[in-house]
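Right, one structure below, let's go through it.
The values are calculated or read from the model by the stated rules, or taken from the named source; none is laboratory data. Bear in mind the structure is a predicted one, so any value in this text is a computation, not a measurement. Heads up, the Cβs are rebuilt from the backbone with ideal geometry, glycines too, and the neighbour counts pull from every protein chain shown. Remember, those area values only see protein heavy atoms, side chains included, never the ligands or the DNA or RNA. Shrake-Rupley method; radii C 1.70, N 1.55, O 1.52, S 1.80 Å.
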Amino acid sequence: MMMRALRSNRLQLAAFTVVLLGLWQMGVEVLAIPPYLLPAPSSIAVSLYGGFADGLFIRSFFITFLEAVAGFLLAAVAGVVVGTLIAQFRIVERLVYPYVVALQSVPKVAIAPLVIVWFGYGFSSKIVVSATIAFFPVLVNVIVGLKSVEQDKLDLMRSLNASRLQTMRLVQFPTALPFIFAGLDVAVVFSVLGAIVAEFVGSQSGLGNLLLTFNANLDISAVFACLILLGAMGMVLHLAIYHLQRRVVFWGQADSTTRF
Amino acid sequence: MTRSTALPDPRRASPDVPLAIEINNLSMRYTAASGDSVLAVDDVSFSVRQKEFLCVVGTSGCGKTTLLRIIAGLAKHTAGSAMLRGQPIAGPSADVGIVFQGAVLLPWRTVLENVMIPAIVLRLDRKRSLQRAHDMLALVGLADFANAYPKELSGGMQQRVSIARALVHNPTLLLMDEPFGALDAMTRETMNLELQRIARDAETTVVFITHSIQEAVFLGDRVVVMTPRPGRIAAVLDIDLPRPRDLDVMATEPFGHHVRSIRTLLNARGLTH
């Protein structure tokens, strides 16, 4: 029953998409909209095919993908470590958390030019900007998750004279996992954003670099092709996190990430 | 039949058997969020013999949960003394098992893994503890559910798991804080019957907190009646109903007499149950 409902939902969505694309194609042709303003779906498809055929898209996609994933992994590890320290130690919370909040209110995109100066035009600057932007959603969710343990569970551990590490391992960390995954889900999309912004500011390769070049040449159908690839990248990363979460947080009371 | 005991409880077991719990002139004062000083427990004295089933009954806010937390070592009293088997209570003890109002199970661990928690924290021998965990699950009637997850169990079954968990490290004292308060009336009666058997088989001392007079009389060897604001002991009653008790005992005259006595004690303080 559920499988059939799911399939019919997907069929409806596919039909709706075909109708939309058809209207778009007809609108562009009937109204004679110039391709440098809004290209027809057919010319976007041609650009997409051409980009794949000469390997440019695949190369650029993987460069940006690797930057985003590396930035994401860095942010995930740093977010979990710093968040745990802040949640566990009052002194760390008092000294470090104000800085975290202050940094959080700076638009992270604005530091990208500075990072390019410090780390150069290569991979490392992209990874740093990506990680900086992806760090905060992880951090905040780790802190909230670790602090969301019910008092009863802490009492149970305390009644057994459990050590801080035992309480952390047996109760707090598993309780925080659904929250951590919610943070990772936001972070993984942010990491792509960070990589693109860094590529905009200064780079020699990647989808962001490519997109700027196409834009400067007014090759708008190629720009659309890049956007489609970026959307696909975000979707792939989100789905990876979603499925990982389903496996790890199998008891899943809070389905923290949205389903596509 | 019913005998209201003068305070402090003068009855002592023979001197060579130490009392399981000895509470003398115990008070607990705390500062509320409003800044006011609140006297939660006021000059309370009573004792619990080993392997005795003691019920503490009172309305909410009478300090009975505070009293339990002090015995558990989770809270500190501000005056008087509290002793566990002759030793002053300085903190939580491995000799105590606690059953909370909720089952407090970890949803990511199976029933067996939940029951094993005290053994893991106390670093007990794993093989022997596993055997003991299986035995305790059998004792609470859940031998077939060792590998189930908590969400697959009903509320009553979850609370049975938490009783098995409280017993797995073989404590001599079982503390229960309104453990069946969240269950429906019929499940609750079944659980009361089961608990009577479990306590006898596990050979532990039990301190059982409840706001149900019937439950207290049905389960207890003695019942401590507490009245609120500040929490004081109004009386300690002997429940001399023969054991094992079945649910029919609730319809008998002696049972009704005990219930009426306790209700009168509670009403005397301007409270209705």
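List of remarks:
- By the equivalent-ellipsoid construction on the alpha carbon gyration tensor, region A:38-118 comes out with semi-axes of 41, 15, 12 Å, ordered largest to smallest.
- Carbon and sulfur %, accessible surface of chain A computed with the full protein complex present, 1.4 Å: 72 percent
- Charge tally in the Cβ shell below 13 Å around B:S154, where Lys, Arg are +1 and Asp, Glu are -1, B:S154 excluded: +1
- Each of B:D221, B:D177, B:D144 has its accessible area taken with a 1.4 Å probe; listed largest first, they run B:D144, B:D221, B:D177.
- Per residue value of the accessible surface for chain B (all protein chains in place, 1.4 Å probe), Å²: 43 Å²
- Cα long-axis angle, helix B:185-202 against chain B (0 to 90 degrees, to the nearest 10): 80 degrees
- Cβ-derived FRET efficiency at R0 41 Å, A:D54 paired with A:L23, nearest 0.05: 0.85
- Length gained when the stretch B:L193-B:R126 is fully extended (0.36 nm per residue, less Cα-Cα span): 21.0 nm
- Label-to-label distance, nm, for residues given as A:F200 and A:V81 (7 Å Cα→Cβ offset): 3.0 nm
- Highest-MSF residue in chain A out of A:I196, A:I127, A:I44 [GNM, Cα springs under 10 Å]: A:I44
- Overall, the ratio between the Cα radius of gyration of the protein assembly as shown and 2.2 N^0.38 Å, rounded to two decimals, is 1.36.
- Carbon plus sulfur fraction of accessible area for chain B, probe 1.4 Å, in percent: 51 percent
- Buried on assembly, region A:133-169 (at least 30 Å² less accessible surface than by itself, 1.4 Å probe): A:D152, A:K153, A:D155, A:L156, A:R158, A:S159, A:L160, A:N161, A:Q166
- Descending semi-axes in whole angstrom, ellipsoid equivalent of chain B, from the Cα gyration tensor: 29, 22, 19
- P(r) of chain A over all Cα-Cα pairs, binned every 10 Å from zero, in whole percent: 7, 23, 27, 23, 14, 6, 2, 0
- Environment charge of B:L84, counting only residues whose C-beta is closer than 10 Å and scoring Lys/Arg +1, Asp/Glu -1: -1
- At least 30 Å² accessible surface lost relative to isolated chain, residues of region B:67-114 (1.4 Å probe): B:R69, B:L74, B:P92, B:F100, B:V104, B:L106, B:P107, B:W108
- Listed by chain and number, the lysines whose C-alpha is less than 30 Å from the C-alpha of A:K147, apart from same-chain residues fewer than 8 away, are A:K108, B:K64, B:K76, B:K151.
- C-alpha center-to-center spacing [region B:236-250, region B:157-217] in angstrom: 16 Å
- Taking label positions 7 Å along the Cα-Cβ direction at both B:R243 and B:N147, the computed distance is 3.7 nm, reported to one decimal.
- Each of A:Q104 and A:R10 was given a label point 7 Å from its Cα along the Cα-to-Cβ line. The distance between the two points is 3.9 nm.
- Centre separation in Å (Cα based) which lies between region A:97-139 and region A:2-42: 37 Å
- Rounded if a/c under 1.5, otherwise prolate or oblate - region A:1-59, Cα gyration tensor axes: oblate
- Overall form of region B:143-216 per C-alpha gyration tensor (a/c, 1.5; a/b vs b/c): oblate
- Interface burial for B against A (accessible surface, 1.4 Å probe, total of both chains, Å², rounded to 100): 2000 Å²
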